[in-house]
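The values are calculated or read from the model by the stated rules, or taken from the named source; none is laboratory data. Everything quoted here is computed from the prediction, not taken from an experiment. All Cβ positions, glycine included, derive from the backbone under ideal geometry; neighbour counts span all protein chains shown. For accessibility, only protein heavy atoms count, side chains too; no ligands or nucleic acids. Shrake-Rupley method; radii C 1.70, N 1.55, O 1.52, S 1.80 Å.
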Amino acid sequence: MKKPVFEGTATAIVTPFKDGTIDFDMFRQLLERQISAGIDAIVVCGTTGESATLSDQEKLDLIACAVQYTAGRCKIIAGTGSNNTAHAIGLSRVAASMGADALLLVTPYYNKCTQEGLFRHFLTVADAAQIPCIVYTVPSRTGMDITPETCQKFSEHPLMNGIKEASGNIAKAARIRNLCKDEFHIWSGNDDQIVPLMSIGAKGVISVLSNVRPELTVKMTHMCLSGNILQAGRLQTSLMPLIDALFCEVNPIPVKKALEVENMNAGAPRLPLTELNPKHLSQLEKALELCIT
């Protein structure tokens, strides 16, 4: 049985900007906020961290800052995925050398490949980096999915730790669980499906919600881990207005505005993302007020 990289909640942390560059002072404040809330892991340079518009040097600087600042107080998972295998290898090797605990590797995008291509791509990166890897399937963004059968093949490799499952297909996740058992772990990639996926054996969530409500997200996942699914389900239900508001526009537009509303200004997203449309601000503010830690 493989030990999961983490159990509970990993925050897919935003990247704060100021005057067009990364605001590392705010980044450290955000990291401290997460650690104080008892977060289990932090994903740096994921989709929520605007990885698509970060330079390689910016990504490595963020990973280095997170590893150094957290100093072992939680796991650090580095987003080093790419649709270019050689590029992913380069970033992943450096992230591993910096002390990242694991890698988050999104499926290749645009140059869509076969399942065999996916298998060879991810294993090539894992073998080069030599640290645990979590593969990330989000077909709504990439146009690619990972089948349960491919996950079963991944389960046979010691460094392939599991999948961030953001396809929205709970039946597919159940099939992965059935085929792979505890040799390939599942984490929810959707905040609206945390409890449903954990009820069938997922180990937790890689979350956007926990940027603004880390205590409640940790509480929900740890309820599930302790077997209290019914109570966790009630908490999931109560958080749905906020989850809906955080995805009223493409992530991370709403969550960055939510942080600003709560006096943690992470700056505006980089183009081509824009700031939240004012028509959605009242929905977001009301949802934040309803869901207080």
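Between a first residue in segment 269-284 that is more than 13 Å from Ser51 (Cα to Cα) and a second residue that is open to solvent by less than 60 Å² (accessible area, probe 1.4 Å) and of a type in the set (Lys, Arg), which pairs have beta carbons less than 6 Å apart while being 6 or more apart in sequence or on different chains?
Final answer for the pair search is Leu276/Lys257.
So, in segment 40-82, exactly how many residues are touching a Cys at 6+ places or on another chain (Cβ under 9 Å) and of a type in the set (S, T, N, Q)?
Residues that pass the stated criteria total 2.
Could you list all residues from segment 154-169 that are within 12 Å of Phe184 (Cα to Cα), among the hydroxyl-bearing types (Ser, Thr, Tyr) and touching a strand residue (DSSP E or B) at 6+ places or on another chain (Cβ under 8 Å)?
Residues satisfying the conditions do not exist here.
Is it true that Val135 is more than 26 Å from Arg93 (Cα to Cα), under 16 Å from the mean Cα position of the chain (by Cα) and of a type outside the set (S, T, N, Q)? Step through it out loud before you land on a result.
On the way: more than 26 Å from Arg93 (Cα to Cα): no; under 16 Å from the mean Cα position of the chain (by Cα): yes; of a type outside the set (S, T, N, Q): yes.
So Val135 does not fit the description; no.
Results for (1) under 24 Å from Ala166 (Cβ atoms); (2) not small (Gly, Ala, Ser), shown as yes or no for each residue.
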| residue | (1), (2) |
| --- | --- |
| Gly20 | no, no |
| Asp25 | no, yes |
| Ile35 | no, yes |
| Ala41 | yes, no |
| Val44 | yes, yes |
| Gly49 | yes, no |
| Thr53 | yes, yes |
| Gln57 | no, yes |
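Looking at segment 232-245 only, could you name the residues that are part of a helix (DSSP H, G or I) and surrounded by 15 or more Cβ atoms within 10 Å (Cβ to Cβ)? Even if it seems obvious, please write down each step before you answer.
To start, the set of residues in segment 232-245 that are part of a helix (DSSP H, G or I) comprises 232-238, 240-245.
Ala232, Gly233, Leu235, Gln236, Pro241, Leu242, Ile243, Asp244, Ala245 - these are the residues of segment 232-245 that are part of a helix (DSSP H, G or I) and surrounded by 15 or more Cβ atoms within 10 Å (Cβ to Cβ).
Looking at Val205, Val218, which one is touching a strand residue (DSSP E or B) at 6+ places or on another chain (Cβ under 7 Å), assigned to a helix (DSSP H, G or I) and either closer than 23 Å to Ala52 by Cβ or open to solvent by less than 50 Å² (accessible area, probe 1.4 Å) (or both)?
Exactly one residue qualifies, and that residue is Val218.
Please determine whether any residue of segment 2-20 is in contact with a Leu (Cβ under 7 Å, 6 or more places away or on another chain), more than 27 Å from Pro139 (Cα to Cα) and modelled with pLDDT of 95 or more.
No, there is no match, as no residue in segment 2-20 is in contact with a Leu (Cβ under 7 Å, 6 or more places away or on another chain), more than 27 Å from Pro139 (Cα to Cα) and modelled with pLDDT of 95 or more.
Rundown of residues vs (1) crowded, with 24+ Cβ neighbours inside 10 Å; (2) closer than 19 Å to Ala95 by Cβ; (3) of a type in the set (Ser, Thr, Tyr), yes/no style:
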| residue | (1), (2), (3) |
| --- | --- |
| Thr11 | yes, yes, yes |
| Asp19 | no, no, no |
| Phe27 | no, yes, no |
| Glu32 | no, no, no |
| Ile35 | no, no, no |
| Ile39 | yes, no, no |
| Ala52 | no, yes, no |
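If Arg270 satisfies all but one of (1) assigned to a helix (DSSP H, G or I); (2) open to solvent by 10 Å² or more (accessible area, probe 1.4 Å); (3) charged (D, E, K, R), what's the number of the condition it fails?
Condition not satisfied by Arg270: (1).
Report whether or not Ser199 is over 24 Å from Ala287 (Cα atoms), hydroxyl-bearing (Ser, Thr, Tyr) and surrounded by fewer than 23 Cβ atoms within 10 Å (Cβ to Cβ). Let's see the steps before the verdict.
Working: over 24 Å from Ala287 (Cα atoms): yes; hydroxyl-bearing (Ser, Thr, Tyr): yes; surrounded by fewer than 23 Cβ atoms within 10 Å (Cβ to Cβ): yes.
Answer is yes for this residue.
State whether one or more residues within segment 68-76 are under 30 Å from Ser226 (Cβ atoms), open to solvent by less than 10 Å² (accessible area, probe 1.4 Å) and within 14 Å of the chain's Cα centre (by Cα).
yes
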